[in-house]
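> Right, I'll just put the structure down here and ask away after.
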Amino acid sequence: MRPVTFVALGDSLTQGVGDPVDGAWRGWAALLAAGLGTPRRPVEFHNLAVSGAQTCDVHGHQTPRAVALRPDIVSVVVGVNDTLRCTFDIRAVALRLDEVYGAVTADGAALLTACMPDPGAMLGLPGALGRPLARRQRAVNAVVHALSARHGAVHLHAADEEWVADRTLWSADRLHPGERGHRVFAARFHALLATAGLATGPAPDTEPERPPPAPSAILLWLATAGTGWVARRCTDLLPQLLGLAVAEVRHQVRGTSGGLDVRDAHAAAAALAGLGADERRVEAA
């Protein structure tokens, strides 16, 4: 019997950052893979996710490799890194995700997607800096929600307050899940897949095998690797983010901050509407 082929696409979350095992990253996708098959029909797991990946990387590099593997199940969890770039464009994000979802499901593979908390909240950024990132992530989540429904995906809601507030789920960097977070993420996906008849193995255990990072480990990470991580991620974003923060303060003083929320919500809606318009033009041609 042909094994169940599970292919995971995305960024550092899916790569497994925050869940080190034997000198490598494991992560939620590997934990989930172990519960997808049976002894008679084992799982063949391929993790194509790369740290720092944006939707353009998943679209241009990971998706063709995934399609070539003829998967039965494909996870696509990406978008947070797009919000951390000065090139952020919700219309481009929507177009890429629509094409990725369509490509990986064209031959009948089950699609797994998830919406994520905004990085500003996870990092604890102050309001003027955090709110612009929150709007971007809400726009990405709105697009993921709509396209997941459109492509019949198994969708995990992981952007809720409980997920953000529970620090026992997060690693020292505060942006990636720790072991427990990866286990909870995997278990939630497994429950959805089991309900859909797509997971026949045991659910991942949500209890970690290792203790969570101590406060000293968090401070050490922030003082060493963390500074480099922030520098790499924010080189292009920081000037723009400071500009967004200045605009945020101005709108707050004027009492017009709500207009920014409406603007970004309209941008996400327009991006989705544009996909339908593009398809209608193709069909007419």
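> Condition test on ASP82, is it under 18 Å from the mean Cα position of the chain (by Cα), within 30 Å of ALA245 (Cα to Cα) and either surrounded by fewer than 23 Cβ atoms within 10 Å (Cβ to Cβ) or of a type in the set (Ser, Thr, Tyr) (or both)?
Numbers: under 18 Å from the mean Cα position of the chain (by Cα): yes; within 30 Å of ALA245 (Cα to Cα): yes; either surrounded by fewer than 23 Cβ atoms within 10 Å (Cβ to Cβ) or of a type in the set (Ser, Thr, Tyr) (or both): no.
No: the conditions fail for ASP82.
> If VAL76 satisfies all but one of (1) modelled with pLDDT of 95 or more; (2) surrounded by fewer than 16 Cβ atoms within 10 Å (Cβ to Cβ), what's the number of the condition it fails?
If we test VAL76 against (1) modelled with pLDDT of 95 or more; (2) surrounded by fewer than 16 Cβ atoms within 10 Å (Cβ to Cβ), just (2) comes out false.
> Let me ask you something else. ASP19 passes all but one of (1) charged (D, E, K, R); (2) in contact with an Asp or Glu (Cβ under 8 Å, 6 or more places away or on another chain); (3) surrounded by 20 or more Cβ atoms within 10 Å (Cβ to Cβ); (4) farther than 20 Å from GLY181 by Cα; which number fails?
(4)
> Another one. Kindly indicate which of GLY226, GLY243, GLY274 is at pLDDT below 70 and not basic (Lys, Arg).
That would be GLY226, the only listed residue that is at pLDDT below 70 and not basic (Lys, Arg).
> Here's another thing I want to ask about it. I need the full set of residues from region 123-161 which are in contact with a strand residue (DSSP E or B) (Cβ under 9 Å, 6 or more places away or on another chain), among the aliphatic types (A, V, I, L, M) and more than 20 Å from ALA271 (Cβ to Cβ), in order please.
Across region 123-161, the qualifying residues are VAL154, LEU156, ALA158.
> Sticking with this structure for a sec: Considering every residue within region 90-112, establish whether at least one is closer than 22 Å to ALA196 by Cα, of a type in the set (Ser, Thr, Tyr), modelled with pLDDT of 95 or more and surrounded by fewer than 24 Cβ atoms within 10 Å (Cβ to Cβ).
Yes, the conditions are met somewhere in region 90-112.
> Being under 30 Å from ILE90 (Cβ atoms) and crowded, with 18+ Cβ neighbours inside 10 Å is the filter; apply it to region 22-49 and report the residue that is modelled with the lowest pLDDT.
We begin by selecting, within region 22-49, every residue under 30 Å from ILE90 (Cβ atoms); these are 25, 27-29, 32, 46-49.
Narrowing the set further to residues that are crowded, with 18+ Cβ neighbours inside 10 Å leaves 25, 27-29, 32, 47-49.
Working: TRP25: 93, GLY27: 97, TRP28: 98, ALA29: 98, LEU32: 98, ASN47: 98, LEU48: 98, ALA49: 98.
Filtering region 22-49 for residues that are under 30 Å from ILE90 (Cβ atoms) and crowded, with 18+ Cβ neighbours inside 10 Å, the one modelled with the lowest pLDDT comes out as TRP25.
> Conditions first: (1) surrounded by fewer than 18 Cβ atoms within 10 Å (Cβ to Cβ); (2) among the charged types (D, E, K, R); (3) touching a residue at least 12 places away in the same chain (Cβ under 8 Å). ARG167 passes all but one, so which condition is the exception?
Against the list (1) surrounded by fewer than 18 Cβ atoms within 10 Å (Cβ to Cβ); (2) among the charged types (D, E, K, R); (3) touching a residue at least 12 places away in the same chain (Cβ under 8 Å), ARG167 comes up short only on (3).
> May I pose another question? If ASP82 satisfies every condition in (1) assigned to a helix (DSSP H, G or I); (2) of a type outside the set (Ser, Thr, Tyr); (3) in contact with a His (Cβ under 9 Å, 6 or more places away or on another chain) but one, which is the exception?
(3)
> For region 1-16, give me each residue that is surrounded by fewer than 16 Cβ atoms within 10 Å (Cβ to Cβ) and aliphatic (A, V, I, L, M). Before the answer, list the steps.
Kept after step one, since they are surrounded by fewer than 16 Cβ atoms within 10 Å (Cβ to Cβ), are these residues of region 1-16: 1-3.
Within region 1-16, just MET1 meets the criteria.
Conditions tested, residue by residue: (1) under 15 Å from the mean Cα position of the chain (by Cα); (2) under 21 Å from GLY16 (Cβ atoms).
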| residue | (1), (2) |
| --- | --- |
| PRO117 | yes, yes |
| PRO126 | no, no |
| GLY130 | no, no |
| VAL143 | yes, no |
| GLY152 | no, no |
| GLU162 | no, no |
| ALA186 | yes, yes |
| HIS190 | no, yes |
| LEU193 | no, yes |
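> Are any of the residues in region 46-63 within 26 Å of LEU175 (Cβ to Cβ), touching a residue at least 12 places away in the same chain (Cβ under 8 Å), part of a strand (DSSP E or B) and of a type outside the set (D, E, K, R)?
Scanning region 46-63, I find at least one residue that is within 26 Å of LEU175 (Cβ to Cβ), touching a residue at least 12 places away in the same chain (Cβ under 8 Å), part of a strand (DSSP E or B) and of a type outside the set (D, E, K, R), so the answer is yes.
> Here's another thing I want to ask about it. Does LEU237 fit the bill of being crowded, with 16+ Cβ neighbours inside 10 Å, at pLDDT below 65 and within 26 Å of ALA142 (Cβ to Cβ)? Lay out the reasoning, then the answer.
Details: crowded, with 16+ Cβ neighbours inside 10 Å: yes; at pLDDT below 65: yes; within 26 Å of ALA142 (Cβ to Cβ): yes.
Yes: the conditions hold for LEU237.
> Suppose we filter VAL100, VAL144, VAL67, VAL140 for residues that are assigned to a helix (DSSP H, G or I) and closer than 20 Å to GLU248 by Cβ; which single one remains?
Numbers: VAL100 fails: closer than 20 Å to GLU248 by Cβ; VAL144 fails: closer than 20 Å to GLU248 by Cβ; VAL67 fails: closer than 20 Å to GLU248 by Cβ.
When all the criteria are applied, what remains is VAL140.
The values are calculated or read from the model by the stated rules, or taken from the named source; none is laboratory data. Owing to the predicted nature of the structure, the values given are computational and were not obtained by experimental measurement. Virtual Cβ from ideal backbone geometry, glycine too; neighbours counted across all protein chains shown.
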